[in-house]
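All remarks here apply to the structure that follows.
The values are calculated or read from the model by the stated rules, or taken from the named source; none is laboratory data. Please read these numbers as outputs of a predicted model, since none were measured by experiment. Don't worry about glycine lacking a Cβ; one is built from the backbone with ideal geometry, like all the others, and counts go over all protein chains shown. Side chains are part of the model used for accessible areas, which takes the heavy atoms of the whole protein and leaves out ligands, DNA and RNA. Shrake-Rupley method; radii C 1.70, N 1.55, O 1.52, S 1.80 Å.
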Amino acid sequence: MLIYPNFSSSLMTINKETVKKISKLSRIASNEEFENSMIKDLNSILKFVEQLNELNISNTEPLSSVVDQKLYQRDDVEKKINEKKDILQNSPVKNENYFVVPKIIE
Amino acid sequence: MGEITKLTLVNLVSKIKSKEISALDACSDYVNRIVKSKKLNTFVTETLEQAISFAKKIDDNNLKEGILSGAPIAVKDLFCTKNVETTASSKILKGFVPTYESTVTSKLWERGAVLLGKLNCDEFAMGSSNETSAFGNVINPYKVNDENIVPGGSSGGCSAAVAADLTVATVGTDTGGSIRQPAAFTGIVGLKPTYGRCSRWGIVAFASSLDQAGPMTKNVSDCALMLDAISGFDEKDSTSANTKKEEFLKNLNRNIKGLKIGIPKEYIVDDMPKEIQDLWDKGISWMKESGAIIKDISLPHTKYALPTYYIIAPAEASSNLARYDGVRYGFRASGKDLNEMYENTRSLGFGNEVKRRIMIGTYVLSSGYYDAYYLKAQQVRRLIKNDFDLVFKDVDAILTPTAPSSAFKIGEKKDDPISMYLNDVFTVPINLAGLPAISIPAGFDQSGLPLGLQIIGKPFDEQTVLNSAYALEEKIGFKSQVKDWWM
Amino acid sequence: MADNKFDYYLDGKTGKWEVIIGLEVHAQVTSRAKLFSGSSTKFGSDPNTQVSLVDAAMPGMLPVINKFCIEQAVKTGLGLKAKINRFSKFDRKNYFYADLPQGYQISQFKFPIVGEGEIVLDMPYGTKVVGIERLHLEQDAGKSLHDQDPENSFVDLNRSGIALMEIVGKPDLRSPEEVGQYVKKLRSIMRYLNTCDGNMDEGSLRADVNVSVRKQGSQQLGTRCEIKNVNSIKFMQQAIEYEAKRQIDIIEDGGTINQETRLYDTKKNETRSMRSKEDAHDYRYFPDPDLLPLVLDSEFIENIKKTLPELPDEKKHRLMNDFGLSSYDASIIISEKDISDYYEDVAKNSDYKLAANWMIVELFGILNKEGKEIKDSPVSAVNLSKLINLIKNGTISGKIAKTVFEQMVQRNENPEVIIEKSGLKQQSDPKELEIIIDNIIKNNQDKVIEYKSGKIKLFSFFVGQAMKDTAGKGNPQLINNILSKKLK
Ligand SMILES: [Mg+2]
Ligand SMILES: [Zn+2]
């Protein structure tokens, strides 16, 4: 039987601080409204995924790819297929030679 | 005129090849219908003029060798198409015109198909109802009591366009059910091939270890033909499978006598509508009638598939979507320094569902949480795959419903991410295990909305999946009930 | 030389401090195409002209690995006497930066292609073995230019995706000098292997330098700071000195060191905290789902093993054991691939020991004076070997050889020709020399009498006369012999 989980009692493991940290890491601007809605949604999703804690899996090898074959390896051959203009064509801010971004302070 | 768009892909191509119908006539009929079908919001970009001139070229030069010769086809806007805007239905890719063509779509055009345009989808394929698109939701050609219904997602533009005869067939992508669930919601056939069967090169990535392109068609034969067209090893995709080229349409047959079909008990869910259970039971008896042997099986980790998916998919997505930063393509917002530019661009460029998933994905990968979430999900993924490996020692294919419900009203589940995610409960395990699975239309619920059955196969055994579906299709005798109400 | 003792300790207010240094060297793999794309790796091309769709992270692009780069990494690993891992994986290191188009760098985190190895350093106080933690393959980033425009930075992706080997050393280094030796030795090994050209000016070899300090005698490691991307040995050494002193000052003033990423400002000779690396601690590594694990079979590794050239350490032993070179001479000869190649060319046709002497004393003297590298040597290896043979077979004396060598430096001419033209050939006919010496004795009877009565110092007077009368070309050995006989 597949039981739909119950989400009424959220642990609220994600607080405002965490949302701020995550949005910074994700480079998504944050504000009060965004933070509040994320706290709600992320906690409900986390509560949902925490079902996995029921399983004892300490000896299970993690699976990152279902593909069962050797990694394909290409030869060391130079291929020129793109012109500079192709590469820069879609850039919203550019000049003749470069992508342009706001000044970086290292 | 007008009847051409009712033809199946296999029939249309054979009539074009035999010159019974010209490529131009076929194309024009589709173009006319597309022009009159704006209400469904299926297209993000139309390339109708180019389509007409390409169709003319096919007729004039008698280019009728290809297996899709003259077939007018629109594709999900997740496939990069050379010189045609590609957006993944996101504001952040607005204006992006690739200088390259995805492997899958280039195979379509090489085989003679004609591009009609790019089909709407959930933003970056993240959704199950097509409501997350930056270009508005697609409307299901099926309607209930004058209320608009979702076409499923994320390939909702695809499913609606096939159901409404706006493209003779299409290719979608399926990360957790995005081909099969919308196919079920609109009464069409949708196949997610084995992971690695079709190249991912040139497809806007959502979750790389799960994404797979596949056909969405009017019937099973069309599906086999489309798979013939788009599958194959690609040395530009390290995860594409180096298997021998197969001929799915040629080997398509209804003989499933003695085939062992598994029925997983874990797919019986608590509050699943009775009509879905009934349909599943009917499917079982149709299979028996065709000579298949039914076996009860168990896939014990099924209930952990959705939570596993909602860790792995967002984690991969958070990284895959990092490239949308306003520097090399697409939308860019201003900012006083580089980070502010990034943050504003991504905050304004992405919709809410995408942001939600990026945030979750970043969280489960971040230091201190990786082992508890991401690593654990990968371990459970192994258990889920092991479940399938084990049962496939005893059965040749598995029969389940495609989705736990029929299509729902637009807006009905929009504010509750989890209830939306539950739509994919029967489809997600298949992506996690990398298996092939098809959804075929199998009947209607009491309000007249289509319902689908899903057949799951062993890795790279699409032929058995297609043959079972072909046998079932004949027993079901599904007839489209689309009424052209929008025209 | 082993009596020289290691003594790099810095004086603080509270006593002496030891500096602990570990290097993460980024070495560009010598290959035609990039690690995951077919773009050229050529240096110095116009901006954004060597950028594939993959390097620019266009939507839907996927990495496909370059087999040669794998071979190069394995080769380097073997050269570092390291464990080659038959199973390795590519991971994504996630961070945002203008020169990182994907928003992540494909690297190897949990399972690197090469495991532990070592590098042996010849220090004045003896040999020192420095541990290698690992070597992994990863993508290089592009380049941001900050000084072309007041409001904007410009991004060039030519470097984006070039294959790098990151060679992570253990924190075994204790002084700027050791760091210098370590980088030189590592570079030399890679040049022998032809896996990295080691050209620091072109950025083919850079290092992140991890520095911490502790009181002399303490066993505990202090908190380290990482100085990013230093691209010359001199700058590494200066940065270490500055950074160590900075840390000592902080600790002695009662402060604590923040583990952070710092930048070395070459103009101000100081390090400072890097703003752009604020979330450097959270790279969210995970296996790249676009790639499969890299599994190497033993045959693949064995085949590479077979192609390994003789490496500096082995060559040094051979030169010492088989040819009797001193440890000092041998370590100079092997220090650079170019030097060792030159040496081999000279020595294969002449005397090993003389070849080493002449290179180290005379040739390097000239090169130093003229500020030249050995590959630009004004004297070819063939000509130097000829000169050595002329000395060895007595055609010219060592002294004359120096004169000849000077002329060779001017014109890189065949020494045989020079000798022929300028008549510098040594006079070695005993009969001719006897006549000359007889003459000298006849004309200096007074000196002969003095000599015979015990003033033996006069012997050199007769030698001098003989040399004078032969215009310096008389064979000194023969002259000595004849004189001894005649003056008895
Ligand atoms: Mg580093
Ligand atoms: Zn690195």
Estimated 222 nm signal from helices in the protein assembly as shown, with DSSP H stretches of n ≥ 4 weighted -39500 (n - 2.57), rounded to 500: -11000 deg cm²/dmol
Inter-centroid distance (Cα atoms) of the range B:104-157 relative to the range B:261-300, Å: 29 Å
C:K215 long-range amide H proximity, modeled H, under 5 Å: C:E18
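Mind ranking B:426-433, B:320-327, B:285-292 by how tightly packed they are, going by the mean number of other C-beta atoms within 10 angstrom, highest first? Let's see the in-between values first.
On the way: B:426-433: 28.9, B:320-327: 26.1, B:285-292: 16.5.
Final packing ranking: B:426-433, B:320-327, B:285-292.
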In sequence order, calculated HN-Hα J values of the range C:289-299 (Karplus, 6.51, -1.76, 1.60; Hz; x Gly/Pro): x, 7, 10, 9, x, 9, 10, 9, 8, 5, 4
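Percent relative contact order of the range C:9-304, based on C-alpha pairs within less than 8 angstrom and at least six residues apart? Working shown, then result.
Values: 655 pairs, mean separation 72.6, N = 296.
Over the range C:9-304, the number comes to 25 percent.
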Unit charges at the beta carbon, dipole of the range B:330-470: most positive-side option, B:G434, B:V364, B:P404: B:V364
Total charge dipole magnitude, the range B:366-459, about the Cα centre, Cβ charges on Lys, Arg, Asp, Glu only, Debye to nearest 20: 200 debye
Net charge dipole size for the range C:9-304 [Lys, Arg +1 and Asp, Glu -1 on Cβ; Debye, nearest 20]: 560 debye
Neighbour net charge for B:G232 - beta-carbon separation under 10 angstrom, K R +1, D E -1: +1
Positive-end residue of B:V391, B:S285, B:T47, charge dipole of chain B with Cβ unit charges: B:T47
Average beta carbon contacts from partner chains per residue of B:15-28, 10 Å cutoff: 0
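If you place +1 on the Cβ of every Lys and Arg and -1 on the Cβ of every Asp and Glu, how big does the dipole about the Cα centre of chain B come out, in debye to the nearest 20?
Numbers: 57 positive and 57 negative charges, 89 e Å.
Roughly 420 debye for chain B.
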Protein accessible area in chain C, 1.4 Å probe - carbon and sulfur %: 48 percent
In sequence order, calculated HN-Hα J values of the range C:148-162 (Karplus, 6.51, -1.76, 1.60; Hz; x Gly/Pro): 9, 8, x, 9, 10, 10, 10, 10, 10, 9, 4, 7, 4, x, 4
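Would you mind counting up the charge near C:V404? Only other residues with Cβ under 15 Å from its Cβ, with Lys and Arg at +1 and Asp and Glu at -1. Please list the in-between numbers first.
Working: positive: C:K386, C:K392, C:K399, C:K402, C:R411, C:K421, C:K425, C:K473; negative: C:E362, C:E406, C:E413, C:E416, C:E420.
The answer is +3.
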Residues whose placed amide H lies under 5 Å from that of C:I113, excluding near-sequence neighbours: C:L137
Rel. contact order, % - alpha carbon contacts under 8 angstrom, at least six apart, the range C:430-486: 41 percent
C:R32 - accessible surface, heavy atoms, 1.4 Å probe, Å² rounded to 10: 140 Å²
For chain B, the spread of Cα positions along each principal axis, largest first, Å: 62, 54, 49
Dipole of the range C:383-488 [Lys/Arg +1, Asp/Glu -1 at C-beta], most positive-end residue of C:M467, C:I388, C:S484: C:S484
³J(HN,Hα), Karplus 6.51/-1.76/1.60, whole Hz, each residue of the range B:419-432, x for Gly, Pro: 5, 5, 4, 5, 4, 9, 4, 8, 9, 4, x, 5, 5, 4
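Using a probe radius of 1.4 Å on heavy atoms only, what accessible surface per residue do you get for chain B? Whole Å² is fine. Working shown, then result.
On the way: 14540 Å² over 487 residues.
Here the residues of chain B average 30 Å² of exposed surface.
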For the range C:128-205, the spread of Cα positions along each principal axis, largest first, Å: 49, 26, 20
q = 0.09, 0.13 Å⁻¹: log10 I(q)/I(0) that the Debye formula gives for the range B:241-395, counting C-alpha atoms only: -0.55, -0.89
Residues with amide H under 5 Å from that of B:S154, placed H, sequence gap 5 or more: B:G127, B:S178
Mean Cβ neighbour count within 10 Å, used as a protection proxy, ranking A:17-23, B:165-171, C:238-244, B:311-317 highest first: B:165-171, B:311-317, C:238-244, A:17-23
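What's the average, rounded to a whole number, of partner chain beta-carbon atoms within 10 Å of each residue's beta-carbon in B:231-238? Numbers along the way, then the final one.
Details: counts 0, 0, 1, 3, 4, 8, 6, 17.
Average per residue, whole number: 5.
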Most to least packed among C:117-125, B:115-123 [average Cβ atoms within 10 Å]: B:115-123, C:117-125
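Between C:E310 and C:K353, what is the FRET efficiency for a Förster distance of 25 Å, r being their Cβ-Cβ separation, to the nearest 0.05? Show your work: numbers first, answer last.
On the way: r = 19 Å, r/R0 = 0.77.
Calculated value: 0.85.
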On Cα atoms only, tilt of C:398-411 relative to the major axis of chain C in degrees: 50 degrees
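When only C-alpha pairs under 8 Å and at least 6 residues apart count, what is the relative contact order of chain B, in percent?
Values: 1196 pairs, mean separation 85.6, N = 487.
The normalised contact order for chain B reaches 18 percent.
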Peptide B:420-430, shielding by other chains (average Cβ, 10 Å cutoff): 1
The range B:53-78-the range C:138-155 distance, computed between alpha-carbon centres (Å): 45 Å
